[in-house]
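The values are calculated or read from the model by the stated rules, or taken from the named source; none is laboratory data. Treat the numbers as computed from the prediction; the structure is a model and nothing was measured. For neighbour counting, all protein chains shown are included, and Cβ atoms are generated from backbone atoms with ideal geometry for every residue, glycine included.
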Amino acid sequence: MSAVLQVENLRTHFFTKAGVVKAVDDVSFSVSRGKILGLVGESGSGKSMTGYSIMGLIDAPGKIVDGKILLNGENIIDLKPQQWRGLRGNRVAMIFQDPMMTLNPVLRIDTQMIEAIQAHEKISKADARERCRAALARVGIASPDERLNAYPHQFSGGMRQRVAIATALLNKPDVIIADEPTTALDVTIQGQILFEMQKLCRESGTALIWITHDLSVVAGLADDVAVMYAGKVVEYGSVTNVLDAPLHPYTQGLLESVPSRNIKGQPLKQIPGMTPSLLKIGAGCAFRDRCKYRTPDCEGAPQLKLQSQHRQVRCFHPVAA
Amino acid sequence: MSHILELKNISKRFSKKLDLAGKLASKLGSSAKDETVHAVDDVSLNIERGEVVGLVGESGCGKSTLGRVVVGVHPQTEGERWWHGRDVAKMSAAEKRTMQLQVQMIFQDPYASLNPRYRVEDIIGEAPVVHGLVNGKDKADYVAGLMQKVGLDAALSKRFPHQFSGGQRARIGIARALAVKPEFLVCDEAVAALDVSIQAQVLNLFIELRKEFNLTYLFISHDLGVVKHLSDRVVIMYLGRVVEIGATDALFANASAGANHPYTQALLAEVPRLDVRKKDFVAITGEIPSPLNPPSGCHFHPRCPHAMARCKIEQPALREIAPLRFSACHLNDMR
């Protein structure tokens with residue numbers, strides 16, 4: 001299967017007064033049709049910035065300084081703003097964490113959704129509206145005809161997120177990037193959204209990048225997972241491989257610190273210290289100060305190496321499974 | 001065993017009175033009425049000394065409101081709060097003050113719950129000095145000791161909250177609560193805003209402090225994994241009412257011995273788990289209804305797969321279905 005989206009050695013840096021922040025620093029992964037990639041990391045690991053880079057949404061002082069983003073084999077990094085506009089919301093769509101920020105509060109849902117179609121296609125308003133209606137029905141919104149006439153504030157949080165998902169689906173994009181879309185939602189509502197997304201990817205063959213900090217969501221949803229730390233992918237492989245036998249000390253520590261993996265009432269295993277400031281990492285492995293396997297080697301910069309087939313890790317001494 | 005805290009039929013209602021325009025409109029025959037939110041509806045709960053009780057529910061179920069009633073931030077609309085076997089409403093002012101010091105709260109948002117213009121030393125040290133637990137002269141030493149207890153460098157005591165990370169701020173909030181030597185801590189989503197690796201550190205701190213100070217916790221959270229790990233007993237709330245209470249091990253057990261109430265079962269089924277791969281997500285239907293206008297009978301019946309005619313009419317009582325195991329569901333009458 002050929003990859004719909006392939007990201008190669010992407011580097012997005014922010015040139016601030018305090019110094020260069022390497023928010024995304026050498027990130028590579030690929031997603032195929034109908035597959036789901038989990039992009040996991042803690043706050044500040046660069047997972048959202050990776051998503052924004054693929055959408056071409058990086059503003060000054062940020063800049064993509066290196067790397068390739070191949071959409072169906074075509075590098076889209078050097079596109080002109082005009083060409084980007086044809087792509088965004090059409091071939092690549094994004095779903096954000098906060099649906100209230102995505103939807104315009106003073107416009108009705110139908111206005112916003114029809115606009116998303118007509119921006120990319122010459123189509124009559126009635127036809128566009130029919131497509132919106134179908135999209136809303138597909139994400140499980142009851143009585144979509146009436147709901148099209150509603151304003152965003154008339155929806156609950158879970159319903160708003162469904163509207164955002166329906167809008168992202170309108171133009172049948174090749175890739176959807178979902179940036180923590182269920183973090184703000186309750187468990188039962190999260191279950192509903194995961195259910196819809198899984199179904200939609202299987203049916204329409206859209207590739208999905210699911211950005212999250214929650215490893216257990218990825219475990220149930222994704223095919224592949226890329227774990228990010230301080231702007232770099234530190235481990236990449238199939239969900240089963242990575243979660244069952246993590247090779248990178250960070251992935252291992254993250255999995256061990258999840259309460260359900262620990263004996264009840266006993267202290268949780270924890271990763272000491274905290275995420276370093278991106279301004280101060282310098283060369284060398286960014287995780288070295290928190291790592292129990294640290295050796296003098298770690299002052300050098302580890303590269304993402306192929307461990308076995310479809311399995312990569314960025315570490316000088318990967319943990320044996 | 002002695003109860004440290006007893007809640008007896010606590011209800012908390014928030015009502016919004018009609019404004020002038022609304023009053024006029026209703027005079028003229030409009031249907032506008034006072035709006036009342038039943039945030040907490042007839043909740044009874046006993047907490048033993050040294051126990052950790054997890055309070056679980058989705059947003060809007062009233063768990064935070066109940067926590068605030070326990071601490072005394074919100075006065076209850078109905079019901080009684082008993083502390084060490086005595087009714088709080090009948091305590092003298094001095095006794096009440098002592099009680100209020102012994103019950104402390106840790107808030108969800110480590111950013112909003114610290115005064116940005118106070119130095120850490122004052123955030124932690126103000127209350128014990130005001131209440132005469134510590135001499136003003138000894139404040140610095142006292143604060144330094146507390147900061148070390150919660151894993152902060154005492155040399156940072158002159159700094160302001162914005163100079164700390166989220167995890168460190170959570171620790172400041174904990175140190176502030178501990179400063180007045182409480183017996184009982186209400187933790188309202190105390191780790192929800194933290195990253196996984198930091199969350200583990202703070203949860204460990206809670207476990208250590210519990211042993212060291214013999215603390216009792218009411219641990220409010222929507223995260224079942226965290227609650228399962230920490231608590232001895234779990235209380236599940238739905239739309240202002242308690243639907244199930246049980247020992248953690250029993251509630252999270254598999255098979256028929258586990259969750260009794262259909263809502264608890266659904267909640268447990270929806271929790272994403274690390275050991276489940278490529279799960280086929282099955283959605284529980286519907287959303288949590290508005291507490292302004294809750295469904296009749298059992299609040300859960302519009303979403304419940306087992307709903308019967310009776311569920312629409314009659315509110316199920318919270319009954320003991322096994323020793324120390326309570327559930328509010330009509331299905332239990334049929335077993």
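Side notes on the structure shown:
- Looking across A:Gly284, A:Gly300, A:Gly237, one residue alone is under 30 Å from B:Leu152 (Cβ atoms) and of a type outside the set (Val, Ile, Thr). It is A:Gly284.
- From B:Glu58, B:Glu48, residue being charged (D, E, K, R) and within 18 Å of B:Thr264 (Cα to Cα): B:Glu58
- Any chance B:Ile198 is surrounded by 23 or more Cβ atoms within 10 Å (Cβ to Cβ), part of a helix (DSSP H, G or I) and either more than 14 Å from every other protein chain (Cβ to nearest Cβ) or at pLDDT 90 or above (or both): no
- Only residues that are within 14 Å of chain A (Cβ to nearest Cβ) and in a helix (DSSP H, G or I) were counted in the range B:157-175, giving 7.
- Yes/no for B:Ala283 being in a loop (DSSP other than H, G, I, E, B), over 23 Å from B:Val37 (Cβ atoms) and modelled with pLDDT of 80 or more: no
- Residue-level analysis places A:Pro246 outside the set of residues that are under 20 Å from A:Asp289 (Cα atoms) and out of contact with any Leu (no Cβ under 9 Å at 6 or more places or on another chain).
- Condition met for A:Ala142 (without any contact (Cβ under 8 Å) to a residue 12 or more places away in the chain, closer than 24 Å to B:Glu58 by Cβ and either within 14 Å of another protein chain (Cβ to nearest Cβ) or assigned to a helix (DSSP H, G or I) (or both)): yes
- Among residues of the range A:285-300, those that are more than 13 Å from chain B (Cβ to nearest Cβ), among the hydrophobic types (A, V, I, L, M, F, W, C) and in a loop (DSSP other than H, G, I, E, B), counted: 2
- Some residue of the range A:211-218 being buried (at least 21 other Cβ atoms within 10 Å of the Cβ), facing chain B (nearest Cβ under 8 Å), touching a helix residue (DSSP H, G or I) at 6+ places or on another chain (Cβ under 8 Å) and free of Cβ contacts under 8 Å to residues at least 24 places away in the same chain: no
- Looking only at the range A:219-236, residues that are crowded, with 24+ Cβ neighbours inside 10 Å and at positive phi come to 1 in all.
- Each residue in the range A:160-211 was checked for being over 21 Å from B:Ala269 (Cα atoms) and polar (S, T, N, Q), and 5 pass.
- Residues in the range A:288-306 that are in contact with a Gly (Cβ under 9 Å, 6 or more places away or on another chain) and within 17 Å of A:Val27 (Cα to Cα): A:Ala301, A:Pro302.
- Listed by position, the helices (runs of 4 or more DSSP H) contained in the range B:51-156 that have at least 2 residues being under 30 Å from B:Thr248 (Cβ atoms) and among the polar types (S, T, N, Q) are B:63-71, B:93-102.
- Look at (1) part of a strand (DSSP E or B); (2) without any contact (Cβ under 8 Å) to a residue 60 or more places away in the chain; (3) more than 20 Å from A:Val4 (Cα to Cα) and you find that A:Asp25 fails only one, number (2).
- Residues in the range B:201-251 that are in contact with a strand residue (DSSP E or B) (Cβ under 9 Å, 6 or more places away or on another chain) and of a type in the set (Gly, Ala, Ser) were compared, and the one that is nearest to the other protein chains (Cβ to nearest Cβ) is B:Ser231.
- Scan of the range B:219-253 for residues that are of a type in the set (A, V, I, L, M) and in contact with a Lys or Arg (Cβ under 6 Å, 6 or more places away or on another chain), ordered by number: B:Ile220, B:Met237, B:Ala247
- Residue list for the range A:219-233, filter: outside any loop (DSSP other than H, G, I, E, B) and within 8 Å of chain B (Cβ to nearest Cβ): A:Ala219, A:Gly220, A:Leu221
- In the set (1) more than 10 Å from chain B (Cβ to nearest Cβ); (2) in a loop (DSSP other than H, G, I, E, B); (3) of a type in the set (Ser, Thr, Tyr), the condition left unmet by A:Thr167 is number (2).
- Hits in the range A:135-161 - residues which are surrounded by 24 or more Cβ atoms within 10 Å (Cβ to Cβ) and either closer than 17 Å to A:Asp186 by Cα or in contact with a Cys (Cβ under 7 Å, 6 or more places away or on another chain) (or both): A:Gln161
- Residues of the range B:1-55 that are surrounded by 14 or more Cβ atoms within 10 Å (Cβ to Cβ) and hydroxyl-bearing (Ser, Thr, Tyr): B:Ser11, B:Ser26, B:Thr36, B:Ser44.
- Close pairs from the range A:175-201: first touching a residue at least 40 places away in the same chain (Cβ under 8 Å) and facing chain B (nearest Cβ under 7 Å), partner crowded, with 23+ Cβ neighbours inside 10 Å and not small (Gly, Ala, Ser), Cβ under 7 Å, at least 6 apart: A:Gln198/A:Leu221
- Subset tally (residues that are touching a residue at least 12 places away in the same chain (Cβ under 8 Å), exposed (fewer than 15 other Cβ atoms within 10 Å of the Cβ) and either under 25 Å from the mean Cα position of the chain (by Cα) or closer than 13 Å to A:Ala23 by Cα (or both)) for the range A:263-282: 1
- Matching residues, the range A:234-258, being more than 9 Å from chain B (Cβ to nearest Cβ) and either part of a loop (DSSP other than H, G, I, E, B) or under 25 Å from B:Glu212 (Cα atoms) (or both): A:Ala245, A:Pro246, A:Leu247, A:His248
- Residue check for A:Gln252: in contact (Cβ under 8 Å) with a residue 60 or more places away in the chain and either under 30 Å from B:Ser231 (Cβ atoms) or exposed (fewer than 14 other Cβ atoms within 10 Å of the Cβ) (or both): yes
- Pick from the range A:259-284, criterion facing another protein chain (nearest Cβ under 7 Å) and touching a Gly at 6+ places or on another chain (Cβ under 7 Å), ranking: modelled with the highest pLDDT: A:Ile271
- Tallying residues that are under 25 Å from the mean Cα position of the chain (by Cα) and either closer than 17 Å to B:Ala269 by Cβ or in contact (Cβ under 8 Å) with a residue 40 or more places away in the chain (or both) within the range B:296-314 yields 4.
- Number of residues in the range A:40-83 that are buried (at least 18 other Cβ atoms within 10 Å of the Cβ) and closer than 17 Å to A:Val175 by Cα: the value is 13.
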